[in-house]
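K.L.:
Before anything else, here's the structure in question.
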Amino acid sequence: MLDIAKKALAYAEAADVEEAEVFVTRSRSTSIKVYQKEVDELASNTGSGFGIRVFRGGSVGYAYSSDFSEESMAATAAAAAENAGVTAADEFAGLPEPPGEVSQMDIHSPRMAEVSVADKIGIAREVEAAALGFDDNISQVEQAAYNEAEATVAIANSRGFAGSYRETTCFAFTMAIALRDGQMQTGISFTTGREPGQLDAAACGREAAERAVGLLGAKQCESMTCPVVMDPFVAAGLAGVVGSALTGESVQKQRSLFAGLEGKAVASGVFSLSDDGTHPDGLASAPFDGEGVPTSMTMLIENGILQGYLYDTYSGRKDGRPSTGNGIRGSYRGMPHVGATNLRITGDSLPLRELIGSVDKGFHVSEVSGIHSGANAISGDFSVGAAGHLIEGGKLTVPVREVTIAGNMISMLKSVEAIGDDHRWVPFGGVVQAPSMLIGEMTVSGR
Amino acid sequence: MLLDERLMQKVISRALEEGGDFAEIYAEKRSSTNLSLEDGKLEKCSSGLDTGVSVRAVKGRQTSFVSTDGFEEQALLEAARLAGQGVAAGGGGVSDLRLEQGGVVHPVRRQPSDMEVAGKVVLLEQADRGAREAGSEVAQAMIGYSDTVSEVLVANSEGCMATETRTRVRLVAHVVATREGIMQTGYESIGAHRGMEIFEEREPKDVGGTAAGKALTMLDSQPAPSGKMSVVLHRGFGGVLFHEACGHGLEADAVEKGASVYAGRVGETVASELVTLVDDGSISGEWGSNTIDDEGVITSRNVLIEAGVLKGYMYDRIRARNAETTSTGNGRRQSFRHPPIPRMTNTFILAGDSTAEQVIGATDRGFYARTLSGGQVDPATGDFVFGVSEGYLIEGGSVGTPLRGATLIGNGPEALMNVDMVADDFEMNIGVCGKDGQGVPAGSGQPTLRIQGLTVGGTEV
């Protein structure tokens, strides 16, 4: 793979450019969907492609292709150089300094290829069975799925960087449907890992069923202002939005609610948020980012105080800071952009029971919808659909649906009163390790 | 054509030798150009090409799908072998291929490749200027442009062979306005299954200016109220509510599993008699239109709800086969790397008899949702949510204070029954709909209309 990258790099360097970089990926993925014990769909994809980024006179150009022939490499290099002809020149544009040693990371498991397809189908079946077996109110499991991906990434650039790594990820996902007295409720869950042996299929099925059954009989509650407990799924979604606003790029371009607040309190003292592209358990970990910069741990908010932002090479240079290794590459089709790797909410935690027990009258939210449309990382406005339970006298009571929770994001972060001890990795809002969180006051809109 | 007929026959036969009673090959060649401008500077210019094939084998209710890059014969036959093996027990027959004829064409007067990149840059600069000139409080404008030319070819064991070249052009503007520490945003986009001529009909400058106008208006906004209110949906953007509130629940994959509130209800009244809901992938030039769907079925106009009565669902080939009916031309996929699933194309509510002024005038106290920012639905329960990026309070029959930070939440079946006024000012809007990890271009539209008793989720109790 690195040889392919170097070959394409030679074409790029031959174009009339000052700097060039080639990013190559090859991936293989399998997805298995099971419905009523039978395989509904078995899909496998193999795909590869490369992207060439060039700099000429401070301007950047990009082109990509899934065709690795020599003619295609030459045409793609030429297109990248031509594209650089129209972008604006910028003194901060350019490739990163070559890093010293890049450490290898244990993010690839040969086990994934060794496990048979039949056993992987078995995982999806086990998820479905666990959900169906949880409770008589589970009428069916709409989806029980197993997904896996193996990818190889290689980067070579004209400053001498040449690196590659391989990674594996897999997950199982399910949505269970509970039915009682004509009312349907749904619940979802998932389990993630580097290889199938790390997945807990039974727990995944049970949790989805428990979430669906727990909402049976749910109805709207009165509108009110009250303490809100977000479970880890919900807290992760919020952390994802907060993380997207904590990039150097969004601050420099005046589109972050955190602009100009470095060193200031933006959250309560019990709340900390970091981004860690090196975390051994985080599925977004990699030895280097999408432009070959080693990943790192970046403290974003520590005990409520804003510590700094995430940077790629370009936005870092603009602020006179080093890249934090957050030049993210979605695929070979796009240039790197600043983004989070593994986000982690940390801080002194309370046992979950005490956290909920401390609320006399409030709302426990276990499901939100419309985060992409209802959470604005620029204005800070936050209003999303929610379902969960009322908290009365420190206990979960009546199930609630069809309400919204709303507030301003910084006010919400400042009124975080406690975080729970139930941290877990959640694939919502990116890859996030999130606990339950008690927010002192939010508006719940219902009847 | 991307592949010759003989090779396609061979691939389909190869799949069926291994397994399946139906097999299909889908080939695609897609080139695109993406530009983005921010901070007044053209920051990104990228272009590229993707080519590949997928093979699908189906046996009963089981589907096996394999995709691979490029058009190389050996790779295609290997994909076919794997796809067939995935369902095993083969034996399906292969019919001679015949090319599908007919369907609506989407004329492209000016191909994206006919304009140099420098010319496209000018379009973004004009949109940026339109935004900057809208007011001194405009702090940032992000302009994005994309064009895609995708050639698709599909053939299957029933003998259907179809091909289409799809050209789509899109321009979007996100604008941020600031005043004394308050930041608000505005959004506007245009796009079509057509060429560069769309910019002759609507100038990029106007797209930027409209987005900026929304952001500036929202600087004067007050926090939105909470609780149940009459909601007036402004024409165009409100279509996304019906896309979420009932469109997804009428897609046959949710229906066949009973995971939709609309399952088994054809012929029943599911909406107010003012509501006629249509999905039409055959409107010439429209963003969500295609001549054929991604399984080679010619697209058509499908009435889903007529005067409140549920008429039918949206099917792809597989779900139609399971339900012993025919595909409605709604089998769509993001790319050759994705299996087709039932999806909306352009989904809209037909115009009514009132005027927009009458709808607003008849509302004593309500919420006027002028621009929506997208939403989400749980098809099983029908509960939906969507964000309002530009909303106003209606008091005494007229539009007043702008309101920020509101999300509307409701239940699809209830909301449909509660539509009590529909105006005559129909308009379409464009978007990208996400489902099962696949994004496809989707249009939605409606005239201005009123829904009684939706919950407005603001911060003021």
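K.L.:
Is it the case, given these coordinates, that residue A:86 is of a type in the set (A, V, I, L, M, F, W, C), touching a Cys at 6+ places or on another chain (Cβ under 8 Å) and not in a strand (DSSP E or B)?
P.N.:
Considered against the rule, which asks whether it is of a type in the set (A, V, I, L, M, F, W, C), touching a Cys at 6+ places or on another chain (Cβ under 8 Å) and not in a strand (DSSP E or B), residue A:86 comes out as yes.
K.L.:
Please verify whether the range B:245-265 includes one or more residues that are more than 13 Å from every other protein chain (Cβ to nearest Cβ) and either more than 28 Å from residue A:140 (Cβ to Cβ) or among the hydroxyl-bearing types (Ser, Thr, Tyr) (or both).
P.N.:
No, that holds for no residue.
K.L.:
Turning to a different aspect of this structure: Looking only at the range B:35-73, filter to residues that are among the β-branched types (Val, Ile, Thr) and within 7 Å of chain A (Cβ to nearest Cβ); which one of those is surrounded by the most Cβ atoms within 10 Å (Cβ to Cβ)?
P.N.:
Within the range B:35-73, the subset among the β-branched types (Val, Ile, Thr) is B:51, B:53, B:55, B:58, B:63, B:66, B:68.
Those still in the list that are within 7 Å of chain A (Cβ to nearest Cβ) too: B:51, B:63, B:66, B:68.
Numbers: B:51: 19, B:63: 24, B:66: 27, B:68: 23.
The qualifying residue surrounded by the most Cβ atoms within 10 Å (Cβ to Cβ) is B:66.
K.L.:
Taking only the range A:59-79 into account, find how many residues are under 15 Å from residue B:42 (Cα atoms) and either free of Cβ contacts under 8 Å to residues at least 24 places away in the same chain or within 8 Å of chain B (Cβ to nearest Cβ) (or both).
P.N.:
3
K.L.:
Next question, about the same structure. For the range B:441-449, state whether one or more residues are in contact with a His (Cβ under 9 Å, 6 or more places away or on another chain), touching a residue at least 60 places away in the same chain (Cβ under 8 Å), closer than 18 Å to residue B:288 by Cα and of a type in the set (A, V, I, L, M).
P.N.:
Yes, because at least one residue in the range B:441-449 is in contact with a His (Cβ under 9 Å, 6 or more places away or on another chain), touching a residue at least 60 places away in the same chain (Cβ under 8 Å), closer than 18 Å to residue B:288 by Cα and of a type in the set (A, V, I, L, M).
K.L.:
Related question: Those residues that are at pLDDT below 95 and within 28 Å of residue B:223 (Cβ to Cβ), I need them from the range B:419-443; list them, please.
P.N.:
Within the range B:419-443, B:429, B:431 meet the criteria.
K.L.:
Follow-up question, since we're still on this one. Only one residue in A:269, A:308, A:292 is assigned to a loop (DSSP other than H, G, I, E, B) and over 30 Å from residue A:439 (Cα atoms). Which one?
P.N.:
Selected residue: A:292, the only one of A:269, A:308, A:292 that is assigned to a loop (DSSP other than H, G, I, E, B) and over 30 Å from residue A:439 (Cα atoms).
K.L.:
Which is more than 14 Å from every other protein chain (Cβ to nearest Cβ) and touching a strand residue (DSSP E or B) at 6+ places or on another chain (Cβ under 6 Å), of A:320, A:304, A:388?
P.N.:
One residue alone meets the criteria, A:304.
K.L.:
Considering every residue within the range B:382-391, establish whether at least one is away from chain A (no Cβ under 14 Å), hydrophobic (A, V, I, L, M, F, W, C) and in contact (Cβ under 8 Å) with a residue 24 or more places away in the chain.
P.N.:
Checked the range B:382-391: no residue is away from chain A (no Cβ under 14 Å), hydrophobic (A, V, I, L, M, F, W, C) and in contact (Cβ under 8 Å) with a residue 24 or more places away in the chain.
Yes/no per residue for (1) within 12 Å of chain A (Cβ to nearest Cβ); (2) within 17 Å of residue B:230 (Cα to Cα); (3) out of contact with any helix residue (DSSP H, G or I) (no Cβ under 9 Å at 6 or more places or on another chain); (4) surrounded by fewer than 16 Cβ atoms within 10 Å (Cβ to Cβ):
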| position | (1), (2), (3), (4) |
| --- | --- |
| B:393 | no, yes, yes, no |
| B:397 | no, yes, no, yes |
| B:400 | no, yes, yes, yes |
| B:412 | yes, yes, no, no |
| B:415 | yes, yes, no, no |
| B:418 | no, yes, yes, no |
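K.L.:
Moving on. Of everything in the range B:430-448, what is buried (at least 24 other Cβ atoms within 10 Å of the Cβ), assigned to a strand (DSSP E or B) and among the polar types (S, T, N, Q)? Give them in sequence order.
P.N.:
Correct list: B:444, B:446.
K.L.:
Would you confirm, using the coordinates I've provided, whether residue A:102 is surrounded by 15 or more Cβ atoms within 10 Å (Cβ to Cβ), at pLDDT below 95 and touching a Phe, Trp or Tyr at 6+ places or on another chain (Cβ under 6 Å)?
P.N.:
yes
K.L.:
Name the single residue that is farthest from residue B:61 (Cα to Cα) among those in the range B:10-32 being acidic (Asp, Glu) and surrounded by fewer than 18 Cβ atoms within 10 Å (Cβ to Cβ). Working first, answer last.
P.N.:
First pass over the range B:10-32, keeping only residues acidic (Asp, Glu): B:17-18, B:21, B:24, B:28.
Now restrict to residues that are surrounded by fewer than 18 Cβ atoms within 10 Å (Cβ to Cβ): B:17, B:21.
On the way: B:17: 18, B:21: 11 Å.
Among them, the one singled out is B:17.
K.L.:
Checking the condition over 26 Å from residue B:449 (Cβ atoms), more than 13 Å from chain A (Cβ to nearest Cβ) and either in contact with a Pro (Cβ under 8 Å, 6 or more places away or on another chain) or surrounded by 20 or more Cβ atoms within 10 Å (Cβ to Cβ) (or both), which residue from B:212, B:192 passes?
P.N.:
Step by step, each of B:212, B:192 is checked, and only B:212 is over 26 Å from residue B:449 (Cβ atoms), more than 13 Å from chain A (Cβ to nearest Cβ) and either in contact with a Pro (Cβ under 8 Å, 6 or more places away or on another chain) or surrounded by 20 or more Cβ atoms within 10 Å (Cβ to Cβ) (or both).
K.L.:
For the list (1) touching a His at 6+ places or on another chain (Cβ under 8 Å); (2) surrounded by 20 or more Cβ atoms within 10 Å (Cβ to Cβ); (3) more than 17 Å from residue A:22 (Cβ to Cβ), I need the number of the one condition that residue A:327 fails.
P.N.:
The single condition residue A:327 does not satisfy is (3).
K.L.:
Please go through the range A:391-410 and pick out each residue that is at the interface with chain B (Cβ under 8 Å from one of its Cβ atoms), surrounded by fewer than 24 Cβ atoms within 10 Å (Cβ to Cβ) and over 17 Å from residue A:439 (Cα atoms).
P.N.:
A:401
K.L.:
A further question on this structure: Only residues that are more than 12 Å from chain A (Cβ to nearest Cβ) and over 18 Å from residue B:404 (Cα atoms): list them for the range B:216-244, please.
P.N.:
Within the range B:216-244, B:235, B:236, B:239, B:242, B:243 meet the criteria.
K.L.:
Then there's this: Do you know which residues across the range A:225-246 are within 17 Å of residue A:340 (Cβ to Cβ) and either without any contact (Cβ under 8 Å) to a residue 24 or more places away in the chain or within 13 Å of another protein chain (Cβ to nearest Cβ) (or both)?
P.N.:
Matches in the range A:225-246: A:237, A:241, A:245.
K.L.:
I would also like to ask the following. Does residue A:437 satisfy being within 27 Å of residue B:218 (Cβ to Cβ), touching a Phe, Trp or Tyr at 6+ places or on another chain (Cβ under 9 Å) and either touching a residue at least 12 places away in the same chain (Cβ under 8 Å) or not assigned by TED's automatic domain parsing to the domain that holds residue A:353 (or both)?
P.N.:
Spelling it out, it is not the case that residue A:437 is within 27 Å of residue B:218 (Cβ to Cβ), touching a Phe, Trp or Tyr at 6+ places or on another chain (Cβ under 9 Å) and either touching a residue at least 12 places away in the same chain (Cβ under 8 Å) or not assigned by TED's automatic domain parsing to the domain that holds residue A:353 (or both).
The values are calculated or read from the model by the stated rules, or taken from the named source; none is laboratory data. This one's a predicted model, so the numbers in the text were calculated from it and none came from an experiment. Neighbour counts are summed over all protein chains in view; Cβ atoms, including those assigned to glycine, are modelled from backbone coordinates with ideal geometry.
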